[in-house]
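Working notes, structure below.
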Amino acid sequence: MKVLVIPDVHLKPYMFHQADRLLEQGVAEKAVCLMDIPDDWDREYNIELYVETFDTAIAFAKKYPDTLWTYGNHDLCYMWNERESGYSAAASWTVQEKLLELRRTLPEGNEIKYIQKIDDVLFCHGGVLDFFVKNTVPSAKYHDVDEVVNRINDLHHDSMWNDASPIWYRPQFSAGRMYKPRKILQVVGHTPVDEIYRKDNVISCDVFSTYRDGRPIGTREFLLIDTKTWKFRGISG
């Protein structure tokens with residue numbers, strides 16, 4: 001399956017318009033969004049931008065109901081009342097309400113999750129660390145990838161709000177062993193990178209983030225990946 005990956009959004013509604021155009025061109029069969037929909041540099045009081053971004057995401061979800069969504073730390077901090085970097089107290093109620101609206105928009109059976117799986121490719125915000133799996137999933141289930149994904153998706157705040165979890169881990173800056181590196185490919189966002197690249201079994205694709213002054217960090221391309229062959233490339237919208 002060819003999948004278009006929408007990386008960390010951070011109040012850039014135009015990303016959904018660009019992804020819409022690409023899907024209309026038939027470049028992919030479905031999309032996966034790695035979320036982090038709210039928050040960006042110095043936008044804490046721009047509530048209109050929060051609303052616009054979520055409304056654009058919700059419209060995208062209505063048009064493409066089979067799109068898969070994965071929670072990011074910036075989404076969950078509003079659900080779990082964690083005042084992390086970038087958190088906007090002014091936008092808190094808006095984000096909570098819009099996240100609920102997005103969840104209600106998705107069809108039954110297509111819930112927002114920490115990890116989404118297509119074929120042998122895992123999509124999540126930060127990355128699935130082998131250490132995390134071994135510490136949260138019974139050893140008898142370690143080799144059952146679907147069971148591992150399901151069990152992690154059932155975890156809550158106390159297990160997930162830490163640097164080793166799939167919403168926070170940064171494989172770009174660590175040599176930690178990832179889960180099943182020879183069997184599973186992982187697609188992650190969370191950490192801004194200059195370009196889409198693969199290292200071992202991890203593809204990093206957060207290339208829409210910016211510096212505080214608004215300058216882009218990455219190439220502003222979407223990842224287009226074949227989940228059967230693992231071939232991938234960047235594509236502009």
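Residues checked against (1) touching a Leu at 6+ places or on another chain (Cβ under 6 Å); (2) within 25 Å of LYS228 (Cα to Cα); (3) hydroxyl-bearing (Ser, Thr, Tyr); (4) open to solvent by 60 Å² or more (accessible area, probe 1.4 Å):
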position	(1), (2), (3), (4)
PRO7	yes, yes, no, no
LEU23	no, yes, no, no
ALA31	yes, yes, no, no
ASP36	no, no, no, no
ASP42	no, no, no, yes
PHE54	no, no, no, no
LYS62	no, no, no, yes
TYR78	no, no, yes, no
Tell me, which residue of segment 211-237 that is part of a strand (DSSP E or B) and over 21 Å from GLY127 (Cα atoms) is modelled with the lowest pLDDT?
-> PRO216
Pairing a residue in segment 76-95 that is free of Cβ contacts under 8 Å to residues at least 12 places away in the same chain with any residue that is of a type in the set (D, E, K, R) and in a loop (DSSP other than H, G, I, E, B), where Cβ atoms lie under 7 Å and the two sit 6 or more apart in sequence or on different chains, gives CYS77/GLU84
How many residues, within segment 60-94, are part of a helix (DSSP H, G or I) and more than 19 Å from PRO7 (Cβ to Cβ)?
-> 7
Going through segment 24-54 one residue at a time, which ones are assigned to a helix (DSSP H, G or I), out of contact with any Ser or Thr (no Cβ under 9 Å at 6 or more places or on another chain) and closer than 21 Å to LEU106 by Cβ?
-> GLU24, GLU52, THR53
Pairing a residue in segment 134-151 that is closer than 18 Å to ARG177 by Cβ with any residue that is part of a loop (DSSP other than H, G, I, E, B) and small (Gly, Ala, Ser), where Cβ atoms lie under 9 Å and the two sit 6 or more apart in sequence or on different chains, gives ASN135/ALA164; THR136/SER165
Answer yes or no as to whether GLU48 is in contact with a Lys or Arg (Cβ under 7 Å, 6 or more places away or on another chain) and open to solvent by 60 Å² or more (accessible area, probe 1.4 Å).
-> no
So is HIS143 within 19 Å of LEU122 (Cβ to Cβ) and not small (Gly, Ala, Ser) or not?
-> yes
Determine if segment 220-234 includes at least one residue that is β-branched (Val, Ile, Thr), touching a helix residue (DSSP H, G or I) at 6+ places or on another chain (Cβ under 8 Å) and surrounded by 22 or more Cβ atoms within 10 Å (Cβ to Cβ).
-> no
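The values are calculated or read from the model by the stated rules, or taken from the named source; none is laboratory data. Fair warning: this is a prediction, and the values are worked out from it, not measured in the lab. Glycine also receives a Cβ, built like all others from the backbone with ideal geometry; neighbour counts cover every protein chain displayed. Side chains are part of the model used for accessible areas, which takes the heavy atoms of the whole protein and leaves out ligands, DNA and RNA. Shrake-Rupley method; radii C 1.70, N 1.55, O 1.52, S 1.80 Å.
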